[in-house]
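Here's the structure we're looking at; comments come further down.
The values are calculated or read from the model by the stated rules, or taken from the named source; none is laboratory data. Being a predicted model, the structure only gives us computed values, none of them experimental. Neighbour counts run over all protein chains shown; Cβ positions are idealised from the backbone, glycine included.
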Amino acid sequence: MFNKTRLLTPGPTPLPERVRLALARDMIHHRKGEFTAIMDRVQEKLRRLFGTEGPVLPLSCSGTGAMTAAVYSLFSPGDRVLVVEGGKFGERWRAIAASRGLLVTSLQVPWGEAVRPEDVAAALEADPAIRGVLLQVCETSTGVRHPVREVAERMAGRETLLVADGISAVGISPCPMDAWNIDCLLTGSQKGLMLPPGLALLALSPRAWERAGATRPGCFYFDLPGERDNVLKGQTLF
């Protein structure tokens, strides 16, 4: 045990022994009944994990892939979004939004500090055309937890979607999606879930699903309505 490799990083995290043993099992086919039974069983638990009544989509990608899927599925080129930028991953939201051709307003927050909900509200008042607020539940690069619940309260009554990166929060810090009125919550496998990297999870609110249905997908691979339809059948799109 003294020679065991130990990861003292924010992610990937060390794998519990039972996870390592599960990974040693034989492969099964992903279009057969055995896989469907696993998906159905896991889906119930994922909904509890996210605190949502809706489906939770598994995506075979990193957490950044889920961030990309959210931006490319909920917004169209030319849409205006507000990015809370208080660390490296706030910067990543901005970069992904820019790659989609969105018009980005950055709300700069000093690294090591949390955004103030009243500043988000003021930015939305200043530009009513903003269609989404992108922020982290926990900014991994600084360890700061943003007041997502309070931000959502300040956004009540607006059509603006609240998109939250919970990669270093889901399973670690409470962020019940439905109770807090988060429109999109996503995470990756390699932090709180203590799994290998390469799997992401994403869920949308009913009104975010309406937006996704009205938005032309910006990417063939990240087709969230298609993923949802397959999850409801115990499958994945790809």
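Tabulated values for the structure
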read-out	value
Near pairs, Cβ below 8 angstrom, 6+ apart or cross-chain, from the stretch 147-165 (in a helix (DSSP H, G or I)) to any residue that is among the β-branched types (V, I, T)	V148/V137; V148/I182; V151/V115; V151/V120; V151/V133; A152/I182; R154/V120
G65 vs. criteria touching a residue at least 24 places away in the same chain (Cβ under 8 Å), assigned to a loop (DSSP other than H, G, I, E, B) and more than 14 Å from R131 (Cβ to Cβ)	no
Among the residues listed as L102, L124, L107, L82, the single one being within 30 Å of F238 (Cβ to Cβ), in contact with a strand residue (DSSP E or B) (Cβ under 8 Å, 6 or more places away or on another chain) and not β-branched (V, I, T)	L102
Members of the stretch 12-32 found to be over 27 Å from L237 (Cα atoms), of a type outside the set (A, V, I, L, M) and surrounded by 10 or more Cβ atoms within 10 Å (Cβ to Cβ), listed by number	T13, P14, P16
Lone qualifier among R228, R216 - being out of contact with any Asp or Glu (no Cβ under 9 Å at 6 or more places or on another chain), in contact (Cβ under 8 Å) with a residue 24 or more places away in the chain and not in a loop (DSSP other than H, G, I, E, B)	R228
The stretch 152-170: number of residues that are touching a strand residue (DSSP E or B) at 6+ places or on another chain (Cβ under 8 Å) and either within 19 Å of T187 (Cα to Cα) or of a type outside the set (V, I, T) (or both)	13
Residue in the stretch 80-97 that is surrounded by 12 or more Cβ atoms within 10 Å (Cβ to Cβ), among the charged types (D, E, K, R) and touching a Lys or Arg at 6+ places or on another chain (Cβ under 9 Å) present	yes
Within the stretch 36-53, considering residues that are surrounded by 14 or more Cβ atoms within 10 Å (Cβ to Cβ) and farther than 14 Å from L232 by Cα, the one nearest to the chain's Cα centre (by Cα)	F50
Residue match in the stretch 188-207 (condition: modelled with pLDDT of 95 or more, assigned to a helix (DSSP H, G or I) and closer than 20 Å to E91 by Cα)	no
